[in-house]
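Heads up: the structure comes next, in structure tokens.
The values are calculated or read from the model by the stated rules, or taken from the named source; none is laboratory data. Values in this document were obtained by computation on a predicted structure and should not be read as measured data. Every residue, glycine as well, gets a Cβ built from its backbone with ideal geometry; the counts of neighbours run over all protein chains shown. The area values use the complete protein model at the heavy-atom level, side chains included, leaving out ligands, DNA and RNA. Shrake-Rupley method; radii C 1.70, N 1.55, O 1.52, S 1.80 Å.
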Amino acid sequence: MKWSLLALAAGFCIDLVVGDPHDIPHPVVGIGKLISFFEKILRRLFPKTVLGENIAGGVLWVMVAAVSTAVPVAVLWLCHRVSPWLRLAAESVMCWQILATKSLRDESMRVFCALEAGDLDKARRAVSMIVGRDTQRLDDGGVTRAAVETVAENTSDGVVAPMLFAAVGGAPLGFFYKAVNTMDSMLGYVEPPYKNIGLVPAKMDDLMNFVPARLSAFLMLAAGWLLGMDVKNGWKIFRRDRFRHASPNSAQTESVCAGLMGLRLAGDAWYHGVLHKKPFIGDPVREITHRDIPRACRLLYGTAVLALLLCCGVKALILL
């Protein structure tokens, strides 16, 4: 447990400095390719019925989750056979790879820079890299809202949740979470051809994020207090709007962010050419501005640091 604690802290620091360089192969890309590989095989093996595709999605979930967990377990076991220090180094790199604090900030700030330069097309392309919705129809405010929303939502999915899993079970459990989350990102849609095969991955992602999303919301409130934001309104909007989303988890941090910053987020959005009617989150205390993107990033960083301190504190108490 002591080695895993050190690895988590080291990985977090590496992530803040290095982020996710595009020229270095990332394990999550490999997980994505594994998902696509199994999907093609299982679609051929199972009947093209609702039940058949549901079962195929369940089998896919088990296979991808098992492989994604077993590989880091084997790598760390082999490293430990050589030296505990080699294991620490390997696990630190793994923890770096499962966290996305700096990359989330960098990608959202690319949107900010394009908006500030007045290049709406470039801003749409930049935001399309971090959101699942169609971005071609978004105006300036829509692009800004999309960037703020994805920073708020992924504060849990991309930072706090994998950190919590890694704190509990080391890097292997962190990669288990990344596999679960990636399967939901790739398959968890309500439109064909993913509606049926993506059912189990989507429901399992909801289950695995239930606790992390709520803990992330409280940590975000604490970070908002430290940053001098409107915590009273953040708490109000969190209590009122935290379930205004098809997912039981996505609006937890999004509602806190909307309240802390005095914004109205969410609303109708296009996905794969289909308009999805979605309720608003938050109140329009003021109009959203480009500067709200870096504000959301500061909130992300504050929440991430508090999450790390919480994880390290709890593990240290257990070790005493």
The chain: relative contact order as a whole-number percent, Cα under 8 Å and 6+ apart: 21
Working out 0.36 nm times the residue gap between W225 and K33, then minus their Cα-Cα distance, what length gain in nm do you get to one decimal? 65.0 nm
Over the Cα atoms, compute the radius of gyration (one decimal) and Dmax (the largest Cα-Cα distance, rounded to a whole number) for the chain, in Å. 19.6, 58
Once R0 is set to 30 Å, what does the formula 1/(1 + (r/R0)^6) return for the Cβ-Cβ distance between M109 and F243, expressed as a FRET efficiency to the nearest 0.05? 0.50
Of the listed pairs K48/K195; K2/K315; K102/K203; K195/K278, those with alpha carbons more than 20 Å apart are K102/K203
The stretch 10-64, dipole about Cα centre (Lys/Arg Cβ +1, Asp/Glu Cβ -1), debye to the nearest 20: 440
Per residue accessible area of the chain, 1.4 Å probe, in Å²: 47
Taking a label point 7 Å from the Cα of E116 along the Cα→Cβ vector, which residues of the stretch 277-301 have an amide N closer than 12 Å to it? 290-295
The alpha-carbon center of the stretch 214-250 and that of the stretch 105-162 are separated, in whole Å, by 20
Helix-only [θ] at 222 nm, the chain, -39500 (n - 2.57) per DSSP H run of 4+, per residue, nearest 500, equals -24500 deg cm²/dmol
